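So the structure is just underneath, and the comments pick up after that.
Derivation of every value follows stated rules applied to the coordinates shown; laboratory data play no part. For clarity, every value in this text was computed on a predicted model and none was experimentally measured. Backbone-built Cβ (ideal geometry, glycine too); neighbour counts: all protein chains shown.
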Amino acid sequence: MKDFGKIAIIIVNWNGLKYLDNCFSSLSKQSYKNVETIMVDNGSSDGSIDFVKKKFPFVKIISLDKNYGYARPNNVGIQEAFKDKKVKAIVALNNDTIVDKHWLEELVTTAFTNDDVGMVSSLAYFEGRKELQNCGLSLEPSLKNTLEGGISLAFGRKPADVPQFLTEYEVFAAGGVAALYKREMLEEIGLFDESYFAYNEDLDLGFRARLYGWRALVSPKATLTHLHSRTGGAASAKKIYWMERNAYYTAIKNMPLTSLFAFPFRNLSLKLTLLRSKNPSVEKAKKNISKAGLLILFLKVHLVVLSRLPALLRARLKIQRERKVSKASVKGWFLRFNRDTLENGYRK
């Protein structure tokens, strides 16, 4: 097995004690040995820190005073990891995962045998390993779609039905469940946007990386089990708020102007379609949140986005000024990397 350099695995934890034994036990058995594991704890009150200290002493623990979501703690972990000049890449790994023995070895091999690849997505399965949960992220005009799983590629599909994901297949961006990011790329484009708190920060980082000329692949043998939405909660009001707000953030900063101007209308059209659909996630949201509650939530999102517009436009100016790919290429991504094309287009 080739040693491609030191890798830092960063796990953000908030009251995730019930997942940590499985997660860290699986990490302790990795075939790739040149690794450092960092847990950034968001002020947990369930004994997570004491448990990890006692049972998994190989884990470096960074303790924060409260729950800062996902983006900021990951950045704290990345900055700590990068103090070591030997670290060549980081892997952002969810705490509710169980990784296979050769997971990291395969992830690193895919990354470092492809020079222009800056991010690599793992192959995540649901419990039972019969269906896929995430093989990377797609790019949609509204940054969402009507399918269950949204922009999570191969969500709910059997591996035999999407055999392209069982090869080193190009995707738009790495899925945040278990994503490798090269140090060289992060030092060029920057880290996660901490204003996101949680959700869509992987899409934003991936979009930015693409604009700087980096590609993304899925590593077909870098497999794991993901206990989907166990930490964040499925179809909760907070999750819907963050995902909706952060979609606007991502669009404003990264999209071509023509796509950006169309985004609010596409977003509204998609919402209306979803409300009429039988999408399981939407049905759960309707059950958990009243129509009036959803209306208030979406109104709040738009007010917050308007208040943040000056900062978002400043971020956009910097990204677009440093962009290394043509506008025509960016527009083409919406056809090349949408979920339908990536999942089904190879058959057409």
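Stretched out fully, how many nm does the piece from GLN79 to GLU188 gain, at 0.36 nm a residue minus the Cα gap?
Numbers: separation 109, 0.36 × 109 = 39.24 nm, distance 1.40 nm.
Computed gain between GLN79 and GLU188 is 37.8 nm.
Helix 291-322 axis versus longest C-alpha principal axis of the chain: approximately 70°, rounded to the nearest ten.
Pop the C-beta distance of LEU299 and PHE51 into the FRET formula with R0 = 41 Å and round what comes out to the nearest 0.05. E between LEU299 and PHE51, to the nearest 0.05, is 0.50. Using the structure shown, list the pairs from LYS83/LYS327; LYS53/LYS300; LYS60/LYS130; LYS101/LYS238; LYS182/LYS253 with a Cα-Cα distance above 30 Å, or answer none. Those over the limit are LYS83/LYS327; LYS53/LYS300; LYS60/LYS130; LYS101/LYS238.
Seen against the Cα atoms of the chain and their longest principal axis, helix 103-112 is set at about 70 degrees.
Counting other Cβ atoms within 10 Å, which chymotrypsin sites (Phe, Trp or Tyr not before Pro) in segment 1-66 have at most 12 and lie in a DSSP loop?
Those that pass, being in a loop and sparsely packed, are PHE58.
Each Lys and Arg contributes +1 and each Asp and Glu -1, all at the Cβ; summed about the Cα centre of the chain, the dipole is approximately 860 debye.
With both labels modelled 7 Å from their Cα along Cα-to-Cβ, the THR258 to SER307 distance reads 3.5 nm. Sorted on the mean count of surrounding Cβ atoms within 10 Å across their residues, most packed first, peptides 82-92, 207-217 read 207-217, 82-92.
Here are several values of mean projected area of the Cα convex hull in nm²: (i) 19.4; (ii) 21.8; (iii) 17.0. Which one was derived from the coordinates shown? Entry (iii).
Restricting to the chain, what percent of DSSP beta bridges are antiparallel, rounded to 5?
Counting DSSP beta bridges with both partners in the chain, the antiparallel share is about 40 percent.
When only alpha carbons are used to place a centre, segment 305-348 and segment 33-86 end up 32 Å from one another.
Taking the longest Cα principal axis of the chain as reference, the axis of helix 257-276 is set at about 90 degrees.
Determine, for each peptide in 152-164, 323-335, the mean count of other beta carbons within 10 angstrom over its residues, then list the peptides with the highest first. Can you show the working numbers first?
Numbers: 152-164: 17.4, 323-335: 13.8.
Result, highest mean Cβ count within 10 Å first: 152-164, 323-335.
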